[in-house]
Amino acid sequence: MLTATLGRLIKDHRLRKRLSQLEISLRIGWRDTTRLSKIEQGRVGKPLRKTVDKIMEALDLNKQERGEFLLVGGYLPTDEEIKKVIKLVKERINTWPYPAYLLDFSWRVLCLNQHTIDIFKLPSALKSISFKKAPNLLEFLFSPKEVLPVKIEKGDDDKSVQPFPIAQVAQFKVEQNGRDNEKWYKDLIKKLMQNEQFRQVWPKVDPKQYHKKLLDYEYKVITWPDKSHKTFRFHIFTSRLIQDQRFQVVLYLTAE
């Protein structure tokens, strides 16, 4: 499905720029239009990243358009791309007065601030972990209490909040619809299947159970496990980066 969608996007940009398949193919260095035609029609498997890079170059796409291409195609950011984005957003994340973190579209946590560590009572080592070993947001749901000891509920408001594992798994299934054949997706689910709680929750969660009204907003209630049972309520906003939509910054604002 994603390949076909990428093919349509390529064709749309090509037609908008009034370029023929032959012109694009020759710019890439292909002798005829066969390969490009099959990609546009979704008749081949997912093109290699280097092939898509050549197509984007031939189409003369800007940074924003390239980010859209790579998101639609489901291409994970390279190490170099991650470094550039972290450099771009790190100050905003670190100076944000509440929890804030950077994700890519696969939900890898690439950068987070100290407030995230403090509010969620996460191990302090996570603050300095290399993005190459970045945990997936889905993994936190099924972590031992020593890693994530707090109780979390999320929804649109106080009346609609649901237990975090159910709501988050449902959201993951919605956002990653069509990516279940991707290697990173298979590897993640295979890894999580070793967790008994995940094995119980995953097949039972129907995405329709989580009725999220707004795409880039959610409401979260966090309760500490100690005797105080201190509770925090947050409005959470997610913003994709203009120059590369595969990345999103998640910002918390107090709802107290």
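Just so it is clear, none of the values below were taken in a lab; they were calculated from the coordinates. The structure presented is a predicted model; accordingly, all values stated were derived computationally and were not measured. No Cβ is skipped: glycine too gets one built from the backbone with ideal geometry, and neighbour counts run over all protein chains shown.
What FRET efficiency comes out for the pair residue 48/residue 217, r = Cβ-Cβ distance, R0 = 30 Å, nearest 0.05?
Plugging the Cβ-Cβ distance into 1/(1 + (r/R0)^6) gives 0.25.
I'd like the FRET efficiency for residue 34 and residue 194, computed as 1/(1 + (r/R0)^6) with the beta carbon distance as r and R0 of 45 Å, rounded to 0.05.
According to the calculation, E is roughly 0.55.
In 5 Å bins starting at zero, report the fraction of Cα pairs in segment 2-73 per bin as a rounded %.
Result, from short to long distances: 3, 18, 32, 31, 14, 2 percent.
Could you calculate the contour length gain from residue 18 to residue 231, that is, 0.36 nm times the residue separation minus the distance between their Cα atoms, to one decimal place in nm?
My answer for the length gained is 71.0 nm.
DSSP loop GluC sites (Glu not before Pro) in segment 137-214 with at most 11 other Cβ atoms within 10 Å of their Cβ, which ones?
Answer by residue number: 146.
Can you compute log10 of I(q)/I(0) for the chain with the Debye formula, treating each Cα as one identical point scatterer, at q = 0.14, 0.15, 0.17 Å⁻¹?
Log-scaled intensity ratios, in q order: -1.01, -1.12, -1.34.
Hey, any idea what Rg/Rh is for segment 139-256, computing Rh the Kirkwood way over Cα pairs?
In segment 139-256, Rg relative to Rh is 0.97.
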